[in-house]
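**Q** Structure provided below as C-alpha cells; questions to follow.
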Amino acid sequence: MNEIPFGQTTTYMKLSQKLGNPAAIRAVGAAIGANPILVIVPCHRIIGTNGQLTGYAGGLERKQALLELEGFPVQQSLF
C-alpha cells in the first residue's frame, strides 16, 4: 500500500492479483481493514473494483476527504 502514489488509487482486486492470488480479494480487504495506522499506511487509496469507496475503518466520509485532499476526484454518489 505504501507504493500507491499520492492522489492515486488502486483496487482490492489489483492488490490481490499483485500478490499472485486473485481469489484472495477478501483476505486483502480484511488485512487492509486491520490497519491500525490509517494515514501513515495510506489504505484510503484502496477502492472497490467498480470505483466505489468501501471499507475504511476511519469512515467513508474521512476516506473521501483524504482522497479529495490529495486531488483525487470523488463524486458524492460513490458510496
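**Q** So, in region 8-40, how many residues would count as being under 20 Å from GLY71 (Cβ atoms) and open to solvent by 20 Å² or more (accessible area, probe 1.4 Å)?
**A** Final tally of qualifying residues: 6.
**Q** I've got another one for you. On the basis of being surrounded by 17 or more Cβ atoms within 10 Å (Cβ to Cβ), within 13 Å of the chain's Cα centre (by Cα) and modelled with pLDDT of 90 or more, does ILE46 make the cut?
**A** When the stated conditions are applied, ILE46 passes them.
**Q** Only one of (1) in contact (Cβ under 8 Å) with a residue 40 or more places away in the chain; (2) touching a strand residue (DSSP E or B) at 6+ places or on another chain (Cβ under 9 Å) is not met by GLY7, so which one is it?
**A** Going through the list (1) in contact (Cβ under 8 Å) with a residue 40 or more places away in the chain; (2) touching a strand residue (DSSP E or B) at 6+ places or on another chain (Cβ under 9 Å), GLY7 breaks only (2).
**Q** Right, another one. Kindly check whether there is at least one residue in region 44-55 that is on the phi > 0 side of the Ramachandran plot and small (Gly, Ala, Ser).
**A** yes
**Q** What's the number of the condition MET1 fails, among (1) among the aliphatic types (A, V, I, L, M); (2) at pLDDT 90 or above; (3) assigned to a loop (DSSP other than H, G, I, E, B)?
**A** (2)
**Q** A further question follows. Can you list residue pairs whose Cβ atoms sit under 7 Å apart, with the first residue in region 50-79 being surrounded by fewer than 17 Cβ atoms within 10 Å (Cβ to Cβ) and among the aromatic types (Phe, Trp, Tyr) and the second being in a helix (DSSP H, G or I) and modelled with pLDDT of 85 or more? Count only pairs 6 or more apart in sequence or on different chains.
**A** As it stands, the answer is PHE79/LEU60, since those pairs meet every condition given.
**Q** Moving on. For region 4-73, please list each of the helices (runs of 4 or more DSSP H) lying entirely inside it that holds at least 2 residues being small (Gly, Ala, Ser).
**A** Ranges flagged: 25-33.
**Q** If ALA24 satisfies all but one of (1) without any contact (Cβ under 8 Å) to a residue 40 or more places away in the chain; (2) touching a strand residue (DSSP E or B) at 6+ places or on another chain (Cβ under 9 Å), what's the number of the condition it fails?
**A** (2)
The values are calculated or read from the model by the stated rules, or taken from the named source; none is laboratory data. Small disclaimer: the values here were computed from a predicted structure and weren't measured. Every residue, glycine as well, gets a Cβ built from its backbone with ideal geometry; the counts of neighbours run over all protein chains shown. When the accessible area is computed, the model is the full protein with side chains, heavy atoms only, and any ligands, DNA or RNA have been set aside. Shrake-Rupley method; radii C 1.70, N 1.55, O 1.52, S 1.80 Å.
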